[in-house]
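Worksheet: the structure to be examined is printed underneath.
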Amino acid sequence: MTFYDFEAKTISGEPLNMEQFKGKTVIVVNTASKCGFTPQYAGLEKLYQKYKDEGLVVLGFPCNQFGKQESGSSEEIKEFCELNYGVSFPMFDKVRVNGVNAHPLFKYLKSHLSGGLFGSRIKWNFTKFIIDKKGKPIKRFSPTTKPEKMEAYIQRVMNR
């Protein structure tokens, strides 16, 4: 299996295959609207706006597994992200990222980027996974890493 074999429902309920992102550098992030890291939406949007024409895509996956910080409906989440942070990157339906009912995409990402400090579990909201242009998961950033701190790395990956 590769990143491109997965599918997820968009925040509006439409199925979307990751194959549509072939040839792009992708950031996959589990998000929440009521988290101390929620302001990272602004940094993620800024990266997306700055580099989308060069092939960067940010994919946001709301998750309510950490402190119940994403309890809203899909419509409420979408509205919150657009109104408060101007989010225009693709957002998806709420998912689980840990446990037996974790979304298959997050099981895949954790299996390829686990160990060390992170272990196999996602520890909190705004864990960020980087997938290169060939669909290979190559880096995992912790929730405490602000999107601005990822910019130099993202530039290097996009220029490979």
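Relative to the current alpha-carbon distance between N159 and S120, full extension at 0.36 nm per residue lengthens the span by 11.2 nm.
Sorted fewest first by neighbouring Cβ atoms within 10 angstrom, T144, T31, T25 come out as T144, T25, T31. Count charges around E148 for me, please; just the other residues with Cβ under 11 Å from its Cβ, Lys/Arg as +1, Asp/Glu as -1. That sum, taken over residues with Cβ under 11 Å, equals +3. Tell me which label goes with the value of percent of Cα pairs over 28 Å apart computed from the coordinates here: [x] 53; [y] 10; [z] 25. This structure yields the entry labelled [y].
With R₀ fixed at 22 Å, the C-beta to C-beta distance from I138 to Q20 puts the FRET efficiency at about 0.65.
Computed about its Cα centre, the charge dipole of the chain is approximately 780 debye, with only Lys, Arg, Asp and Glu carrying charge at their Cβ. Think of each Lys and Arg Cβ as +1 and each Asp and Glu Cβ as -1; about the Cα centre, that makes the dipole of the range 100-160 roughly 140 debye.
Counting charges near K52 (Lys, Arg +1; Asp, Glu -1) among other residues having Cβ under 13 Å from its Cβ returns a value of 0. Charge tally around K34: other residues with Cβ under 10 Å, Lys/Arg +1 each, Asp/Glu -1 each, net 0.
Of the beta bridges in the range 23-158, as assigned by DSSP with both residues counted there, near 45 percent are antiparallel. The lysines within cross-link reach of K110, meaning a Cα-to-Cα straight distance under 17 Å and a gap of 8 or more places when in the same chain, are K123, K128, K136, K139. Separation of the alpha carbons by more than 26 angstrom is noted, of K34/K107; K46/K107; K78/K134; K34/K134; K68/K133, for K46/K107; K78/K134; K34/K134; K68/K133.
Read-outs: derived from the displayed coordinates by stated rules, not from any lab. This structure is a prediction, so every number in the text was calculated from the model and none was measured. All Cβ positions, glycine included, derive from the backbone under ideal geometry; neighbour counts span all protein chains shown.
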